[in-house]
Amino acid sequence: MGTEEQKIEEENRRIRFLRFLIDFSILSIQEDDLSYEDSMKLIEDAKRVALNLFPGKEDTFELIYRPRFKRVLKERFGHIP
């Protein structure tokens with residue numbers, strides 16, 4: 001496998017891992033007995049991991065994943081403080 005193919009495969013692996021992490025975090029908020037504060041910590045931990053995987057992509061996280069998390073928080077807790 002060439003270097004460019006390896007880079008693409010590595011990026012695809014990081015994307016798959018991030019999708020799994022986000023989906024698992026959302027499921028945890030929906031299904032586990034987490035407080036609002038614990039849910040927020042879980043979201044911030046997911047964001048930290050995402051930024052470690054994709055440095056400098058904070059805006060992307062906020063545009064793509066934050067709205068999903070907000071929707072789940074609203075469904076779970078009825079409001080977002």
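The values are calculated or read from the model by the stated rules, or taken from the named source; none is laboratory data. The shown structure was predicted, so the numbers you read here are calculated from the model rather than taken from an experiment. The accessibility values were calculated without ligands, DNA or RNA, using every heavy atom of the protein model including side chains. Shrake-Rupley method; radii C 1.70, N 1.55, O 1.52, S 1.80 Å.
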> In terms of the Cα gyration tensor, with a ≥ b ≥ c the square roots of its eigenvalues, is the stretch 1-42 rounded because a/c is under 1.5, prolate because a/b exceeds b/c, or oblate?
Replying inline: prolate
>> At a threshold of 8 angstrom on Cα-Cα distance, excluding pairs fewer than six apart, so keeping six or more, what relative contact order does the chain reach in percent?
In response: 32
>> Taking θ = phi - 60°, what integer Hz values does the Karplus form 6.51 cos²θ - 1.76 cosθ + 1.60 yield along the stretch 35-51, in sequence order, with x for Gly and Pro?
In response: 6, 4, 4, 5, 5, 5, 4, 4, 5, 5, 5, 4, 5, 4, 5, 4, 6
>> Give me the 1.4 Å probe accessible area per residue for the chain, excluding ligands and nucleic acids, in Å².
In response: 72
>> Heavy atoms of the protein only, probe of 1.4 Å, neighbouring chains included. What is the accessible area of ASP45 in Å², nearest 10?
In response: 50
> So what's the projected area for the chain, the Cα convex hull averaged over all directions, in nm²?
Replying inline: 5.8
>> Probe radius 1.4 Å, ligands and nucleic acids left out: which of ARG19, ARG76 has the largest accessible area, and how do the rest follow?
In response: ARG19, ARG76
>> Using a 1.4 Å probe on the protein heavy atoms, what percent of the accessible area of the stretch 1-54 belongs to carbon and sulfur?
In response: 53
> So how do VAL49, VAL72 rank on accessible area, 1.4 Å probe, biggest first, that is with the largest at the start?
Replying inline: VAL49, VAL72
> Among the lysines, which fall within straight-line cross-link reach of LYS7, defined as a Cα-Cα distance under 30 Å, with same-chain neighbours fewer than 8 residues apart omitted?
Replying inline: LYS47, LYS57
